[in-house]
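Remarks on the structure that follows.
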Amino acid sequence: MSNEGTNERTTATVRVKRGLAEMLKGGVIMDVVNAEQAKIAEDAGAVAVMALERVPADIRTDGGVARMSDPAMVEGIQAACSIPVMAKARIGHFAEAQILQALKVDYIDESEVLTPADETHHIDKFAFDVPFVCGATNLGEALRRISEGACMIRSKGEAGTGNVVEAVRHLRSIVGDIRKLTLADEPELFQWAKELRAPLPLVQEIAETGELPVPLFCAGGLATPADASLAMQLGAQAVFVGSGIFKSADPAPRARAIVEATTNYMNPEVLVKVSRNLGTPMTGIGMDEIDVRMADRGW
Amino acid sequence: MTRIGVLALQGAFRRHVEALEALGVTGVEVRAPADLDGIDGLILPGGESTAMSLLLGANELTEPCRDVIAGGLPVFGTCAGMILLAEKVLDGRSDQVQLSDVPITVRRNGYGRQLASFEADLEIAGETEPFRAVFIRAPKVEQVDPAVEVLATVDDDPVLIRYRNVLAAAFHPELTPDLRLHRVFLLEC
């Protein structure tokens, strides 16, 4: 059967925007700074790449203001791979986001890894057709971002440290509070909304469904296959790996190992196999050794 | 009770399992060859076909999946799943895995990047009400063999096809609450 005429297409609906995040579940999104790294990421089985000028570890070392990437760099990465390409805009910097949308990136990350452009306001993400991912350290922050139009949430962790402790803290906080909400009665939900500084209807919805209305991924400090498995077992639906891959001694096999670990996160035998002989991971730093807590950015 | 395998390497596999459960059928997540034992049908979900290709190999599932599909097990591929079933893939990777040889030619991301992703009402052969279909960086079916039955189109491009034991959609029936296509598939299982 062939239907005559044309089908009316509706783009950029909430379902279409959240839909791409659904397709990334169970996968690994890798930070890349050039076309060559994008190829390595795709070859290793990444479901998407995050194009940025410097990986968080270098932003941390170099200091200064971290901004949106040069469009030429984003275009080079788009040309080099066939998987979705995401890119970062500064918190509140809607002009950077407009540029990224004009570049047709597949997702925009309004990211605390870059230097914030606005210390009060986040981007109105409903005003864009390209979907947004935002970081969160707790459930209230996640719900505020969703109420501004974010279509994917990633727990922030502490980017560029190679230390998974903050990712675990944030993921546990978000997932743990969701569990508590499902047990709360109506008056308690009013109180939860106040404490979380989040819209009551979203709080009530989560109490009902037991999950965020958008996919929940994990980011910030993951460096090994075991880290990916830990995040997935704690309730993340996919993982972002930034400095952890391209700051390690041998990126390609590590990238592939993290991909396999994310799929087989419940299977320790596979985790043994993929963790073997991966070479030196990124060195990593303790939380008491850092001056800037990127996770504190976001309001 | 009917048991349907859902390839669970990556992508929207949980949504398919939930749709199956809503229809009173057991959804079995398939990550290893043994998970294919005793299933009455297999769903290949949406996701990234390049990542799924690599993971099919890593988890030693390529040959076992090919064998059950060639053996006549009913299969439903959605989006990336359709790509895995197609005889010819354009804009794919040279090392991309093929699980069947359905005589269609599909172009990966044929409709464009995420900005071009869309929803549309489809007229599906045999259904009276339109089906709201969600297309995410969808594959475009550019050629079909006359032996392939085209069940729905968007602007004359086939988006839902049937060939022997294979049902394949360029869109995502698992992202909408409409369970009619899962029901159609289960009739064959």
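The values are calculated or read from the model by the stated rules, or taken from the named source; none is laboratory data. What you see is a predicted model; the values in this text were computed from it and never measured. All Cβ positions, even for glycine, are placed from backbone atoms using ideal geometry, and neighbour counts span all protein chains on display. SASA here: full protein model, heavy atoms, side chains in, ligands and nucleic acids out. Shrake-Rupley method; radii C 1.70, N 1.55, O 1.52, S 1.80 Å.
Brief remarks follow.
- In terms of its C-alpha gyration tensor, the range A:110-174 comes out prolate, because a/c is 1.5 or above and the ratio a/b outweighs b/c.
- Taken over the alpha carbons of the range A:49-205 as equal point scatterers, the Debye sum produces base-10 log I(q)/I(0) values at 0.14, 0.19, 0.21 Å⁻¹ of -0.75, -1.19, -1.34.
- Estimated [θ] at 222 nm from DSSP helical runs (n ≥ 4, -39500 (n - 2.57)) normalised by residues in chain B, nearest 500: -6500 deg cm²/dmol
- The range A:68-144 and the range A:207-263 have Cα centres separated by 20 Å.
- Across the range B:46-189, C-alpha contacts under 8 Å between residues 6 or more apart give a mean separation that, scaled by the residue count, equals a relative contact order of 23 percent.
- Just checking the listed ones, A:Val65, A:Val274, A:Val49: in the Gaussian network model of chain A with Cα springs under 10 Å, the one fluctuating most is A:Val65.
- The residues of the range B:52-91 occluded by other protein chains by 40 Å² or more of accessible area, set against the chain on its own, are B:Leu54, B:Leu55, B:Ala58; surface from heavy atoms, 1.4 Å probe.
- Evaluated at q = 0.13, 0.14 Å⁻¹, a Debye calculation over the C-alpha positions of the range B:3-186 (equal weights, vacuum) places log10 I(q)/I(0) at -0.58, -0.68.
- Computed P(r) (all Cα pairs; the protein assembly as shown; 20 Å bins; percent): 25, 58, 17, 0
- Exposure of A:Asp296 as accessible area (Å², to 10), given a probe of 1.4 Å and all protein chains: 110 Å²
- Each residue of the range B:137-142 is assigned a 3J(HN,Hα), and the resulting list reads 6, 6, x, 10, 7, 9 Hz, derived from the Karplus form 6.51 cos²θ - 1.76 cosθ + 1.60 (θ = phi - 60°), x at Gly and Pro.
- The solvent-accessible area of B:Ile104, taken with every protein chain present and a 1.4 Å probe, is close to 10 Å².
- Per principal axis, descending, Cα span of the range A:1-120 in whole Å: 61, 38, 28
- Quick note on the range A:178-299: its Rg to Rh ratio, both from C-alpha atoms and Rh being the Kirkwood radius, is 1.09.
- In the calculated pair-distance distribution of the range B:109-189, the portion above 18 angstrom amounts to 40 percent of the Cα-Cα pairs.
- Within the accessible area of the range B:125-185, the carbon and sulfur atoms contribute 46%, probe 1.4 Å, all protein chains present.
- Over 25 Å between alpha carbons, listed pairs A:Lys156/B:Lys140; A:Lys25/A:Lys125; A:Lys17/A:Lys180: A:Lys156/B:Lys140; A:Lys17/A:Lys180
- With all pairs of different C-alpha atoms in the average, the Kirkwood value for the hydrodynamic radius of the range B:16-101 is 13.3 Å.
- Using a probe of 1.4 angstrom and keeping all protein chains present, the accessible surface of the protein assembly as shown works out to 37 square angstrom per residue.
- For chain A, excluding the exposed loop sites themselves (GluC sites (Glu not before Pro), DSSP loop, at most 11 other Cβ atoms within 10 Å), the longest remaining stretch covers A:120-299.
- Comparing A:Val168, A:Cys151, A:Ala127 along the charge dipole axis of the range A:126-189, the residue lying farthest to the positive side is A:Val168, per the Cβ-charge model.
- With a 1.4 angstrom probe, the accessible area lost at the A-B interface totals about 4000 Å².
- Furthest towards positive pole of dipole, B:Val150, A:Ala44, A:Ala57, structure part the protein assembly as shown, Cβ charges: A:Ala57
- Rounded to 5, the percent of DSSP beta bridges in the range B:3-186 classed as antiparallel: 50 percent
- Solvent-accessible area of A:Ser82, all protein chains in place: 30 Å² (probe radius 1.4 Å, heavy atoms, ligands and nucleic acids excluded).
- The protein assembly as shown - charge dipole about Cα centre, Lys and Arg +1 at Cβ, Asp and Glu -1, debye rounded to 20: 620 debye
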